[in-house]
Amino acid sequence: MVNNPRSIGLFGGTFDPIHFGHLRIAEEVADYLALAELRFIPAANPLLRQPPVAAPGHRLAMVRLAIEGNPRFSVDERELRRHGPSYTVETLEELRKELGEQARLHLVIGADAFHGLAGWHRWERLFELAHVVIAARPGHGLDHGGIGLGEALGNEWRSRVRGAPEALRDSPAGAILCVPTSLLDISASRIRRLLARGESVRYLLPGAVLDYIQANRIYAGD
Ligand code: ATP
């Protein structure tokens, strides 16, 4: 279709394991921005945090199970295949080349992760490659004036933040948008802690993912 560039969401994370917090915000962001597709991109070797507990193959398998049956969702394995650290900026550069200059790319990121964005490798370049779309997360509110983001990120915030999804429609990258997603106080680290103690994690993540975790004795704490 002429003059109707593809609108794509890119959602990176360790997904150790993927849970309903990830899935529900992905679905709500996809609706809010009328995305044609949303790709989950499991990270291999994030530099800014502890290495994942589950092996890359397990985390990939869990993402696949979790998104099964959702026609808008897919998984992109490139970071797991790449050697060395996972830099989001490199992933976006590759995707920009593949998808073309006109595609509207949206980097989906939780509010907690956004607060640390200025620590990411070549982070300013991210805005040249994609819009940055922030999902709400309990305990990580964002002030309208960008207070608390530090000077450099606060400046980017003040010049780039937009109030409505329509404001992102005319450009392939460069804006920041907060999406009023459901506040779901679910984290992978809490799920891992509960599993290690032998406690229930039912209803925090898809049943198929839980079955996989139990069948493969991941996070068992022994
Ligand atoms: P951990 O507890 O191990 O830190 P996590 O639950 O934050 O893990 P990640 O895979 O690290 O999961 O998160 C990937 C992305 O999803 C990040 O941008 C993070 O901010 C976001 N995210 C994760 N859980 C939620 C949630 N419940 N609500 C909003 N955003 C979330």
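The values are calculated or read from the model by the stated rules, or taken from the named source; none is laboratory data. Quantities reported herein were computed from a predicted structural model and do not represent experimental measurements. In this analysis, Cβ positions are derived from the backbone assuming ideal geometry, glycine residues included, and neighbour counts consider all displayed protein chains.
The residues in region 107-125 that are part of a helix (DSSP H, G or I) and more than 12 Å from the ligand (Cβ to nearest atom) can be counted, and the count is 5.
Picking from SER159, SER171, which residue would you name as being of a type outside the set (Val, Ile, Thr) and under 19 Å from ALA36 (Cβ atoms)? Quick ask: steps written out before the conclusion?
On the way: SER159 fails: under 19 Å from ALA36 (Cβ atoms).
Checking each option against the conditions leaves just SER171.
Within region 131-158, track down each residue that is acidic (Asp, Glu) and either in contact (Cβ under 8 Å) with a residue 40 or more places away in the chain or assigned to a loop (DSSP other than H, G, I, E, B) (or both). ASP143, the sole residue that qualifies.
May I ask you to say which residue of GLY110, GLY12 is surrounded by 21 or more Cβ atoms within 10 Å (Cβ to Cβ), under 15 Å from the mean Cα position of the chain (by Cα) and under 25 Å from VAL179 (Cβ atoms)? Lay out the reasoning, then the answer.
Working: GLY110 fails: surrounded by 21 or more Cβ atoms within 10 Å (Cβ to Cβ).
Going through GLY110, GLY12 in turn, just one is surrounded by 21 or more Cβ atoms within 10 Å (Cβ to Cβ), under 15 Å from the mean Cα position of the chain (by Cα) and under 25 Å from VAL179 (Cβ atoms): GLY12.
Set side by side, the residues GLU98, GLU79, GLU90, GLU128 differ, and just one is in a helix (DSSP H, G or I) and touching a strand residue (DSSP E or B) at 6+ places or on another chain (Cβ under 8 Å), which is GLU79. Inspect all residues belonging to region 183-191 and state whether any of them is of a type in the set (Lys, Arg), within 24 Å of ILE18 (Cα to Cα) and at pLDDT 95 or above. Yes, the conditions are met somewhere in region 183-191. The set of residues from region 148-181 being farther than 23 Å from SER7 by Cα, surrounded by fewer than 19 Cβ atoms within 10 Å (Cβ to Cβ) and out of contact with any Gly (no Cβ under 7 Å at 6 or more places or on another chain) comprises GLY148, GLY150, GLU151, ALA152, ASN155.
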